[in-house]
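Accompanying notes for the structure given below.
The values are calculated or read from the model by the stated rules, or taken from the named source; none is laboratory data. Computed from a predicted structure; not experimentally measured. FYI the Cβ positions are ideal-geometry reconstructions off the backbone, even for glycines, and counts take in every protein chain you see. Ligands, DNA and RNA are excluded from the accessible area calculation, which covers all protein heavy atoms including side chains. Shrake-Rupley method; radii C 1.70, N 1.55, O 1.52, S 1.80 Å.
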Amino acid sequence: QRLLPPAAVRSVAAGGKAGYADRRLAGIDNGARVLAAPVTTDRGRLVVMVGASLQDRADELAALAATLALAGTAAICMISLGAWLAVTGALRPVDRIRRQAAAISAWDPGRRLPVSGGKDELALLGGTLNQMLGRIEESINRERQLVDRASHELRTPLAIQRMDLDLALSGPQTV
């Protein structure tokens, strides 16, 4: 079987340039790549042809694809784990602030969140939450003062009405 058709051989011989061609040849799996190069000898200009099976290349490409699939999966898993650990570490202070904020109750309005001395977002958030807690504490104190004043102001009229009711229930009276 010829490696290249006669027309391709004449083209290489006339053009003087080497060329590659992929062909299906009998007895070679997965095709072959043929190099045809013109050579000048004592007997004239000849075309030398060399062919090699592409099966080894196909096998290597399949092995590379399998390796990349396994390594890619492992790399994605490692990157995901690293990202999860980094995000968890970055959010740990936020969780600490959340737990401390949840522990503050209406019975302990003077309590504040500990704030780091930095200028990062968490320090700013802690400062803002402490300002809000201060405003809430102020509001609770004003509400308690109002209730104290209102109860004091209502005690006297209620005491007078109670005396009048006790007197009226104690028996007949003359006017």
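For Y20, the conditions (1) touching a Lys or Arg at 6+ places or on another chain (Cβ under 8 Å); (2) modelled with pLDDT of 85 or more are fulfilled apart from (2). Within the range 39-68, residues that are touching a residue at least 12 places away in the same chain (Cβ under 8 Å) and closer than 17 Å to R24 by Cβ sit with their Cβ atoms under 7 Å from residues that are among the small types (G, A, S) and open to solvent by less than 60 Å² (accessible area, probe 1.4 Å), at 6+ positions apart or across chains, in these pairs: M49/A36; G51/A32; A52/A32; S53/A32; L54/G31; L54/A32.
May I ask you to verify whether P114 is in contact with an Asp or Glu (Cβ under 6 Å, 6 or more places away or on another chain) and either open to solvent by less than 100 Å² (accessible area, probe 1.4 Å) or not hydroxyl-bearing (S, T, Y) (or both)? Steps first, please.
On the way: in contact with an Asp or Glu (Cβ under 6 Å, 6 or more places away or on another chain): no; either open to solvent by less than 100 Å² (accessible area, probe 1.4 Å) or not hydroxyl-bearing (S, T, Y) (or both): yes.
Here the answer is no, as P114 does not meet what is asked.
Would you mind stating whether R33 is on the phi < 0 side of the Ramachandran plot, assigned to a helix (DSSP H, G or I), free of Cβ contacts under 8 Å to residues at least 40 places away in the same chain and open to solvent by 80 Å² or more (accessible area, probe 1.4 Å)?
Taking the combined requirement at face value, the residue does not satisfy it.
Any residue at all in the range 40-62 that's out of contact with any Asp or Glu (no Cβ under 9 Å at 6 or more places or on another chain), more than 30 Å from A14 (Cβ to Cβ) and hydroxyl-bearing (S, T, Y)? The answer is no, given that none of the residues of the range 40-62 is out of contact with any Asp or Glu (no Cβ under 9 Å at 6 or more places or on another chain), more than 30 Å from A14 (Cβ to Cβ) and hydroxyl-bearing (S, T, Y). Per the listing S139, S170, the residue uniquely over 32 Å from the mean Cα position of the chain (by Cα) and at pLDDT 85 or above is S139.
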